[in-house]
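The structure under discussion appears below in the form of structure tokens.
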Amino acid sequence: MAHLGRTAGRVLVGALGTLVVGAGMAGLAYGLIQAEAKITRRIVGNPFDGAPDDDGVYGAAPGEPVRLLVLGDSTAAGMGADLRYQTIGAILATGLAAIMGRPVELTNEAVVGAQSSDLSAQLSHGLARIDHADVAVVLVGANDVTHRIDRAVSVQHLKRTVRYLRTLDTPVVVGTCPDLGTVEPVPFPLNRLLRQWSRDLAAAQTVAAVEAGARTVSLADLLGPEFESSPSVMFSQDRFHPSAAGYARVASALLPTVAAAVDAWPEDALGDTEPEPSRGEGIGALDDAAERAASSPGTEVGPAEFKGHRAGPRGPWAMLRRRGGHEVTDL
């Protein structure tokens, strides 16, 4: 995720541009400036030197390792985790190894502070280390929001990265932008702006990634309720990046989709079953699925066909699934 202590000023400039232009609302402008000061005082600085080095082989089973490539920002890198086994990449690798009965080799090229524009360089570095990835996971977007990167520019970088991986026949799973409005130190009204910006980007990421052939998993406010009830457990000491427990929660939302993407499930095990309408699953327009997923954590969206066609009158078809235990409701 982003470092809000450094970027609060930029965010608030964007907020002022969004809310104050043409309105002459001096009182609101003053309030937002005051919010900047509060954020700077309340957010604990950056107490971490970096993220754990989680590259390596996970699982003790024999056989050729499954190669997992992770790209993205500080969440993908594991900033806030104490040990290498606590990062999202390591948890996914361990889970895949258990499901497949094969070792999993993790190559993590994620960089703290990265934006979507950094994905191409990360991918190049990763492919210089491994000839081919069996599955790739991308977690990015928070820094695009806090730096107010234009959504169209942001998603084009993501789409380009996904498309290149798909030309290599690498399945891709994208964890979309989390809801930054749920981070406790961010006060009102900035948290409302961050929530809207985060969800708008997450929906746009879903459309772009699925059009390029990836599956997406919505992170939305995945940690929001848990943060309210037990912030010291779910978030690290900077109160912004997830803790080991928080990363486990995110990884648990991603693992079923990653396993399905790489066809990891053993024969007769739960994999890509028929969608259940009672759970809100099914095929529909991609833009509708993206909007629903942006507000519903754990929702998977992927490419689909309907009556032999990949697109309908409103554009591409998409399959919306909910592999976790949370109910999906119409929004």
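Annotations
- Being modelled with pLDDT of 95 or more, farther than 15 Å from A212 by Cα and out of contact with any strand residue (DSSP E or B) (no Cβ under 8 Å at 6 or more places or on another chain) holds for only one residue in A121, A142, A110, and it is A121.
- Residue match in region 276-286 (condition: of a type in the set (D, E), surrounded by fewer than 20 Cβ atoms within 10 Å (Cβ to Cβ) and at pLDDT below 90): yes
- Contact map, region 152-178: residues that are over 22 Å from W197 (Cβ atoms) and of a type in the set (S, T, Y) paired with residues that are open to solvent by less than 10 Å² (accessible area, probe 1.4 Å) and assigned to a loop (DSSP other than H, G, I, E, B), Cβ distance under 6 Å, separation 6+ or inter-chain. Pairs shown: T170/A133.
- Considering region 145-176, the residues that are at pLDDT 95 or above, part of a loop (DSSP other than H, G, I, E, B) and farther than 20 Å from T107 by Cβ include one that is least open to solvent (accessible area, probe 1.4 Å), namely T176.
- Tally of residues being outside any loop (DSSP other than H, G, I, E, B), in contact with an Asp or Glu (Cβ under 7 Å, 6 or more places away or on another chain) and open to solvent by 20 Å² or more (accessible area, probe 1.4 Å) across region 109-144: 1
- Annotation: Q237 fulfils all but one of (1) part of a helix (DSSP H, G or I); (2) touching a Ser or Thr at 6+ places or on another chain (Cβ under 9 Å); (3) at pLDDT below 65; the unmet one is (1).
- Residues that are under 22 Å from P178 (Cβ atoms), open to solvent by less than 10 Å² (accessible area, probe 1.4 Å) and free of Cβ contacts under 8 Å to residues at least 60 places away in the same chain, drawn from region 78-108: G89, A90, A93, L106
The values are calculated or read from the model by the stated rules, or taken from the named source; none is laboratory data. On a predicted model such as this, the values are computed, not experimentally measured, just so you know. Ideal geometry is used to build each Cβ from the backbone, glycine not excepted, and the neighbour counts take in all protein chains shown. Just so you know, the surface numbers come from the protein's heavy atoms only, side chains and all, with ligands and any DNA or RNA stripped out. Shrake-Rupley method; radii C 1.70, N 1.55, O 1.52, S 1.80 Å.
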